[in-house]
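Here the structure is laid out as structure tokens; the discussion comes afterwards.
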Amino acid sequence: MLREAFEYLTTPCPPLSRRYGYLAEAVALGARHRRQRQAWAPHVDACRRFVQEAAERAPRGGRALVAGSGLLIEVPLAMLAERFGEVVLVDMVHTRCARLQARRHSNVRLLTLDVTGALAPLDTALSDGSPLPSPSPPDLPGERFAFALSCNLLSQLPLLPLDAIDRKAPNTPEAERERFARILSHSHRFWLASVAEQATLFTDTESLWLEDGVVQEREDSLWGLDLPHPDRTWDWDIAPAPEEDRRRSLRHRVGAWVNLATPTGT
């Protein structure tokens with residue numbers, strides 16, 4: 001607990017990210033990884049192998065983007081820095097661990113950014129009671145990226161904004177909440193494909209609660225987004241019992257796509 005408290009108090013973070021829980025989430029994720037390092041190892045290895053395989057399909061020397069770089073647990077940063085002329089790590093919070101890794105490579109740059117473009121407008125809407133905003137993903141400076149990776153981000157984008165809506169606007173109709181969540185995830189796919197020649201993505205696609213190895217509950221994680229069949233799939237034992245539940249374990253099914261072409265329609 002002392003380590004987590006120190007990280008929370010000393011990590012540089014924009015006020016909006018701190019207020020909406022992104023810093024607390026990053027600190028908690030790091031703590032969970034330390035507790036569950038052995039259970040997470042197959043997932044981490046699968047992610048890193050997949051990213052290397054995908055990156056090797058992009059031409060050397062261009063620019064690479066990692067959206068949702070987080071703690072860099074699943075990202076083979078040294079490989080990306082060696083292959084590309086510039087690597088841009090984008091997240092709401094860059095932990096001290098991530099900053100330390102980035103400093104080891106002269107061509108790695110950190111960018112603190114909300115990739116949905118929706119958080120600041122949402123904060124205003126929740127303050128003045130106006131309708132939930134539409135996302136407006138940012139334009140990124142510089143030449144087009146040769147390679148863009150969305151790192152376990154797609155399913156997570158709506159979660160903390162929805163928590164804020166529940167706290168600050170609890171009377172928001174369920175249909176409006178669901179529409180907001182769907183638009184956040186859908187727009188992320190379009191945005192990723194628009195900023196790079198090769199849009200690579202991995203995300204959890206389904207959450208499974210198991211007891212004694214038997215699935216008790218399952219829930220789709222894609223917010224209604226229709227994606228093609230993934231190029232790779234694997235399981236991630238993210239919270240073995242009793243991490244979140246005394247008897248039940250949480251497992252994520254993960255899907256990975258080497259290149260998501262710009263989709264047609266919405």
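What follows is calculated from the coordinates using simple rules that are stated; it is not laboratory data. The shown structure was predicted, so the numbers you read here are calculated from the model rather than taken from an experiment. We place every Cβ from the backbone using ideal geometry, glycine too, and count neighbours over all the protein chains shown.
FRET efficiency for the residue 99 to residue 35 pair, using the beta carbon distance and R₀ = 22 Å, is estimated at 0.45.
Loop-located trypsin sites (Lys or Arg not before Pro) in region 42-136 (DSSP state other than H, G, I, E, B) with a sparse environment of at most 15 neighbouring Cβ atoms within 10 Å: 57, 60, 104. Beta bridges from DSSP with both residues in the chain: antiparallel share about 50 percent, rounded to the nearest 5. Across region 30-67, the residues whose backbone nitrogen lies under 15 Å from the label position 7 Å along the beta-carbon direction of residue 235 are 39-44.
The rule of thumb for compact globular proteins, 2.2 N^0.38 Å, goes into the C-alpha radius of gyration of region 69-133 1.46 times. Placing unit charges on the Cβ atoms of the charged side chains and taking the dipole of the chain about its Cα centre, the candidate lying farthest along the positive direction among 161, 85, 150 is 85. Of the Cα atoms belonging to region 199-266, the radius of gyration and Dmax stand at 14.2, 45 Å. Here the average projected area of the convex hull drawn through the C-alpha atoms of region 77-229 stands at 11.9 nm².
Here's the picture: charge each Lys and Arg Cβ at +1 and each Asp and Glu Cβ at -1 in region 41-101, and of 55, 73, 101 the one pushed furthest to the positive end of that dipole is 101. Between rounded, prolate and oblate, where does region 1-121 land on the alpha carbon gyration tensor, with a ≥ b ≥ c its root eigenvalues, rounded for a/c under 1.5, else prolate if a/b exceeds b/c? Oblate is the answer for region 1-121, as a/c is 1.5 or above yet b/c matches or exceeds a/b.
Calculate the dipole size of region 127-266 relative to its Cα centre from +1 charges on Lys and Arg beta carbons and -1 charges on Asp and Glu beta carbons; express the result in debye to the nearest 20. Please list the in-between numbers first.
Details: 14 positive and 23 negative charges, 40 e Å.
Using only the charged Cβ atoms, the result is roughly 200 debye.
Rounded to the nearest 5, what is the percent of antiparallel bridges among the DSSP beta bridges in region 89-237? Walk me through the numbers before you get to the answer.
Details: 6 of 15 bridges.
Close to 40 percent.
Each Lys or Arg adds one and each Asp or Glu subtracts one; over the other residues with Cβ under 12 Å from the Cβ of residue 191, this totals -1.
Quote the charge dipole size of the chain about the Cα centre in Debye, to the nearest 20; the model charges only the Cβ of Lys and Arg (+1) and of Asp and Glu (-1).
For the chain, the charge dipole is close to 900 debye.
Considering only Cα atoms, the convex hull volume of region 3-74 works out to 112 Å³ per residue. Across all C-alpha atoms in region 119-182, the radius of gyration and Dmax reach 14.3, 44 Å.
Scanning the chain for GluC sites (Glu not before Pro) lying in DSSP loops with no more than 14 further Cβ atoms inside 10 Å, the longest uninterrupted stretch between such sites is 144-243.
Based on Cα atoms of the chain, Rg over Rh with Rh as the Kirkwood radius reads 0.94.
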